[in-house]
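Student: The following block contains the structure, expressed as C-alpha cells.
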Amino acid sequence: MALLEVSALSKAFGGVMAVQDVAFSVDAGVVYSVIGPNGAGKTTLFNLITGVYTPSGGDIRLDGEAIAGVAPHRLAQKGVARTFQNLQVCMNLTALENVMLGAHLALDRNLLKGLFRAPGLTRADAALRDRAAELMRYVGLDAYRASAASAMPYGALKRLEIARALAVQPRILFLDEPAAGLNPKETTEIDALVRKIADSGITVVLVEHDMKMVMNISDRILVLDYGKKLAEGSAREVRRNPAVIAAYLGKAA
Amino acid sequence: MKRQRGLFVLAAVLLLLPLALPNAFYYDIVIRMMINAVVVLGLNLLMGFAGQISLGHAGFFGIGAYAAAILPTRYGWHPLAAMLGGALLTAALAALVARPIFRLRGHYLAMATLGLGIIIAIVLKNEGAYTGGPDGMAVPALGLFGFALDGEKQWYWVFAANLLFSVWACRNLVDSPFGRALRALHGSEIAAQVVGVDVARYKAAIFVFSAFFASIMGSLSADYVGFVTPNVADFFHSIELVTMVVVGGMASIFGSVVGAVLLTALPQALATLEGWETVTFGAILMLFMIFLPRGLVPTLAARCWRSR
Ligand SMILES: Nc1ncnc2c1ncn2[C@@H]1O[C@H](COP(=O)(O)OP(=O)(O)OP(=O)(O)O)[C@@H](O)[C@H]1O
Ligand SMILES: [Mg+2]
C-alpha cells in the first residue's frame, strides 16, 4: 500500500477550481515531485494534504487512514511535516528556537510544569537544544546557531524551515519550492540536502520550478496544469510526454 | 547565573526599598505598583508573547476583588478560600468565553474582550444586593496563620514576595515548551500549527491563565485596601493595564514591571499640575508611542546592545 493516496481531490475558491479531480499515490521512501506552471495548484495541493485547507471533495489517505479535513496540528502527530513557499519563520524567536519548535510534540507542554521549571522538563529541553543544534548543522546552518531568526538572510531561512520540519521527525515531508529565490550554488546545495533527507528514509514530496533539480532527484513526477493532472510517471516518461512538453517544458525550455 | 541576574537585581531593590520609603503614603504607592506589575505580567503573556489582546482584564480583577469581599462577608469563607474560589470562577468564565472569542482576531477580538469586561463591570454595579452597588463594600481583613495582616509595612512584604515569584514564574513559562509554542503562534500561526501546536487551545490556555492571575491580584488588592468599589472592574482600569504593557514593552517581563511602576507613579507626580494632569498624562503617552513604539525596556535593551 502506498504511504499517501490521493483520489478525486478538488478545491474550489469561489468559481476558481484550484485543484480539480487530482489522483496520485506516493510510495514510502521515494522523492515525489509535483511540477506545473505558476498557478497550477501545487501549493493548494500541499495545503489540502497538510490540513491547511479543507478539500471541496475527494479523499486523502495516509497509510490507509482518511485524513482529508484533519487539522494541521493533528497531522503533525501522524508524521506529516512541511515547509512553505512564502517563508513562515517565527521572526520573534531565535533560529535555534524555531528548530526546537519543530519538536513541540516530543516535549512535555504542561503549563504548570513550565511555570515551576520542573526539572524533568528542563532536562528534556536542554537535550532538545543539542538535537536542534545538530539539525541546524545537518542543513548547513551551523554558522547561525546563536542568531535571531530575524537576522538571517533569505537563503538561510529556507534551510531553517527544513530543519524545523525535520525536527518533527516526519514520515513524509512536503517541501514547497525549497530552492525558490536561491542562486545556482545554493540551489545545488539544497538539491544535495533533499537527497540526503530522502536517503535517510523520509518520504519527500517536492514542489520545485528548477527542472534540473526535479529531473535529477525525483523517483516520480506529477504534472499539474490549471488544477488538473496532466501527466504522471518517472522523470523519463514525463519529459517525453507531448502534453507536458506543450504545456510546460516547451514554454520553460 | 546569568539567567537569573535580573531577578537578583529585582530582589535586591525590593529588599532595600523600604529603607527609602519615608511613610505609609509611599508604601501605599509602591504596593500599588507591585499589584499592577503582577497583573500586567499576566496580561503581557497574552498580549506581548502570544500576540492576542484583552481589553477586559479589569473585569477579571474585579471578580477577584468582589470574591474577596462577598464570599467571606456573606458566606463566611476564609479569605484565602475566597481568593481561590474567585480565581477559579474567573478561570471558568474565561475558559467558557475563550473558544468563541479566540475565533476572532485583531479589532474584533479587542471588541469582544472589551464587551466582556464591560458586562462584568455592569453586573458588579447592578447586583447591589450582593455587591453593595456603586457604593461598594467592605472587605474583611486577611489573616495568615493567626496573624492579621494590617498596615502597609506588612503588606509590602506580601506583595514583594508575590512580585518576585511572579517574575520568576513568568520567565520560566516563557522559556518552557509551552511558552515557546505561545511565542511561535505570535510569530507565525501556521508554522506553529504544522509542527503540532493546537493554536486555539494555547490561546485559550494563556487567556484563562492571565485571567486567573488578574483575579488573584484583585482579591489580594481588595484584602489590602479593605474596601471594593465597582471602579476596579472599570473599562478605564483595563485600558490602564494595557497601556502599562505597551509602555513597558510587549513581550518583556521586566518591561511589565517598569511599565506598571511608571504609569502608577506618573499620575502621582503630575498631581501638582492641578487640572492639567490628565492632559499631560495623555501627552506623555503619545510621546512614548511615537518615540518608543516597542516599549521602554525592549528599546533601551536594543540600544545598549548596539552601543557595545
Ligand atoms: N486562498 C486562496 N483563495 C483564493 N484563490 C486561491 C487561494 N489560494 C490559491 N488560489 C488560486 O488557486 C490557484 C492555484 O494557486 P497555487 O498557489 O496553488 O498555485 P501554485 O501551483 O502553487 O503556483 P506557484 O508556482 O506560483 O506557486 C491560483 O489561481 C490561485 O490564485
Ligand atoms: Mg505555489
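Every number here is computed from the coordinates shown, using simple stated rules; none is lab data. Keep in mind that this is a model prediction, so the values were computed, not measured. Here the Cβ is made from the backbone with ideal geometry for all residues, glycine too, and neighbour counts use every protein chain on show.
Student: Taking only C-alpha pairs under 8 Å that are 6+ residues apart, what is the relative contact order of chain A in percent?
Tutor: The normalised contact order for chain A reaches 27 percent.
Student: What FRET efficiency do you get for B:Leu88 and A:Ala12 if R0 is 51 Å and r is their Cβ-Cβ distance, rounded to the nearest 0.05? Display every interim value, and only then the final one.
Tutor: Working: r = 47 Å, r/R0 = 0.92.
Efficiency, rounded to the nearest 0.05: 0.65.
Student: Sequence neighbours fewer than 8 away in the same chain don't count; with that in mind, list the lysines whose C-alpha is under 24 Å from A:Lys212.
Tutor: Those lysines meeting the cut-off are A:Lys42, A:Lys158, A:Lys185, A:Lys196, A:Lys228, A:Lys229, A:Lys251.
Student: Let me ask you something else. For A:Phe174, which sequence-distant residues (separation of 5 or more, or a different chain) have an amide H within less than 5 Å of its own amide H, given hydrogens modelled in the peptide plane?
Tutor: So A:Phe174 has HN proximity to A:Ala81, A:Arg82, A:Thr83, A:Val205.
Student: So how do A:Tyr53, B:Tyr66 line up by other beta-carbon neighbours within 10 Å, fewest first?
Tutor: By the 10 Å Cβ count, ascending: A:Tyr53, B:Tyr66.
Student: If eta is 1.306 mPa s and T is 10 °C, what Stokes-Einstein diffusion coefficient results for chain A, Kirkwood Rh from Cα pairs, in µm²/s? Before the final figure, lay out each step's value.
Tutor: Values: Rh = 18.9 Å.
Once the numbers are plugged in, D ends up at 84 µm²/s.
Student: Also, I was wondering about something else. Determine the principal axes of the Cα atoms in the protein assembly as shown, then give the extent along each, sorted from largest to smallest and rounded to whole angstroms.
Tutor: Principal axes ranked by extent give 89, 54, 47 Å for the Cα atoms.
Student: Calculate one ³J(HN,Hα) per residue across segment B:195-212 by plugging θ = phi - 60° into the Karplus curve 6.51 cos²θ - 1.76 cosθ + 1.60, and present them in order as whole Hz with x for glycine and proline.
Tutor: 3J(HN,Hα) across segment B:195-212, in whole Hz: 9, x, 7, 7, 4, 4, 5, 5, 4, 4, 4, 6, 5, 4, 5, 6, 5, 4.
Student: Would you mind pulling out the separation of the Cα centroids of segment B:65-134 and segment A:180-253, in Å?
Tutor: 58 Å
Student: Give me the aspartates and glutamates in straight-line cross-link reach of B:Lys125: C-alpha distance below 14 Å, same-chain residues under 8 apart excluded.
Tutor: Cross-link targets: B:Asp135, B:Asp234.
Student: Let me ask another. Can you work out D for segment A:89-169 in µm² s⁻¹ from Stokes-Einstein, where Rh is the Kirkwood radius over C-alpha pairs, the temperature is 20 °C and the viscosity is 1.002 mPa s?
Tutor: Numbers: Rh = 12.8 Å.
Translational D for this selection: 168 µm²/s.
Student: Averaged over A:68-76, how many beta carbons belonging to a partner chain fall within 10 Å of each residue's beta carbon?
Tutor: Rounded to a whole number, the mean comes out at 4.
Student: On to the next question. Among B:Phe102, B:Phe178, B:Phe49, determine the one that fluctuates most according to a GNM of chain B built with springs between C-alpha atoms less than 10 Å apart.
Tutor: For chain B, modelled as a Gaussian network with Cα springs under 10 Å, the answer is B:Phe178.
Student: What's the Kirkwood radius of segment A:169-253 in Å, using all Cα pairs?
Tutor: Computed over Cα pairs of segment A:169-253, the Kirkwood hydrodynamic radius comes out at 13.7 Å.
Student: Shifting gears a bit: Can you compute the helix-only [θ] at 222 nm over chain B? Use -39500 (n - 2.57) per DSSP H run of at least 4 residues, normalise by all residues, nearest 500 deg cm²/dmol.
Tutor: The helix-only estimate for chain B comes to -25000 deg cm²/dmol at 222 nm.
Student: Please order A:Ser200, B:Ser221, A:Ser150 by the number of other Cβ within 10 Å, starting at the fewest.
Tutor: The fewest-first ordering by Cβ neighbours comes to A:Ser200, A:Ser150, B:Ser221.
Student: Moving on. Counting only other chains, what is the mean number of Cβ atoms within 10 angstrom of the Cβ of each residue in peptide B:195-204?
Tutor: So the per-residue partner count for this stretch is 6.
Student: Can I ask one more? Computed FRET efficiency, Cβ-Cβ of B:Ala271 and B:Arg103, R0 45 Å: what is it to the nearest 0.05? Walk me through the numbers before you get to the answer.
Tutor: Working: r = 43 Å, r/R0 = 0.96.
E between B:Ala271 and B:Arg103, to the nearest 0.05, is 0.55.
Student: Still on this model: Give me the inter-chain shielding for B:170-176: mean count of other chain Cβ atoms within 10 Å, whole number please.
Tutor: Per residue, the number of nearby Cβ atoms from other chains is 6 on average.
Student: For chain A, set up a GNM with springs between Cα atoms under 10 Å and report which of A:Ala118, A:Ala23, A:Ala156 has the largest fluctuation.
Tutor: The residue with the greatest mean-square fluctuation here is A:Ala118.
Student: How large is Rg/Rh for segment A:42-105, to two decimals, with Cα atoms and a Kirkwood Rh? Provide the component values of the computation, followed by the final result.
Tutor: Values: Rg = 13.3 Å, Rh = 13.0 Å.
Across segment A:42-105, the Cα-based Rg/Rh ratio is 1.02.
Student: What ranking do B:Cys170, B:Cys304 get, fewest neighbouring Cβ atoms within 10 angstrom at the top?
Tutor: Ascending Cβ contact count within 10 Å gives the list B:Cys304, B:Cys170.
Student: Taking H as built 1.01 Å from N, whose amide H comes closer than 5 Å to the amide H of A:Tyr53, not counting residues under 5 places away?
Tutor: Residues meeting the criterion, in which the H sits 1.01 Å from N, are A:Leu48.
Student: Using the Kirkwood formula on the Cα atoms of segment B:6-123, what hydrodynamic radius do you get, in angstrom to one decimal? Present the calculation step by step, with values, prior to reporting the outcome.
Tutor: Values: mean 1/r = 0.0606 Å⁻¹.
Final number for the Kirkwood radius of segment B:6-123 is 16.5 Å.
Student: Given a cut-off of under 8 Å on Cα pairs at least six residues apart, what relative contact order in percent is computed for segment A:89-169?
Tutor: Values: 93 pairs, mean separation 43.1, N = 81.
Averaging sequence separation for qualifying contacts and normalising by length gives 53 percent for segment A:89-169.
Student: Could I have the simple spin-label model distance between B:Ile190 and B:Phe165, label points 7 Å from Cα toward Cβ, reported in nm to one decimal?
Tutor: Here the answer is 4.3 nm between the modelled labels.
Student: What are the aspartates and glutamates whose alpha-carbon lies under 14 Å from the alpha-carbon of A:Lys113, with same-chain residues fewer than 8 places away excluded?
Tutor: A:Asp125, B:Asp175
Student: Sticking with this one: Answer with one residue from B:Ile239, B:Leu185, B:Phe254: the one whose Cα lies farthest towards the positive end of the charge dipole of segment B:159-274, charges on Cβ with Lys, Arg +1 and Asp, Glu -1.
Tutor: Going by the charge dipole, the pick is B:Leu185.
Student: Quote the FRET efficiency, to the nearest 0.05, computed for B:Asn231 versus A:Ser150 with a Förster distance R0 of 25 Å and r equal to the Cβ-Cβ distance.
Tutor: 0.05
Student: Which of B:Leu88, B:Leu220, B:Leu46 moves most in a GNM of chain B, Cα contacts under 10 Å?
Tutor: The residue with the greatest mean-square fluctuation here is B:Leu88.
Student: Next question, about the same structure. Treat segment B:25-236 as a sphere of radius equal to its Kirkwood radius over Cα pairs and apply Stokes-Einstein at 10 °C in a medium of 1.306 mPa s; give the translational diffusion coefficient in µm²/s, rounded to a whole number.
Tutor: 90 µm²/s
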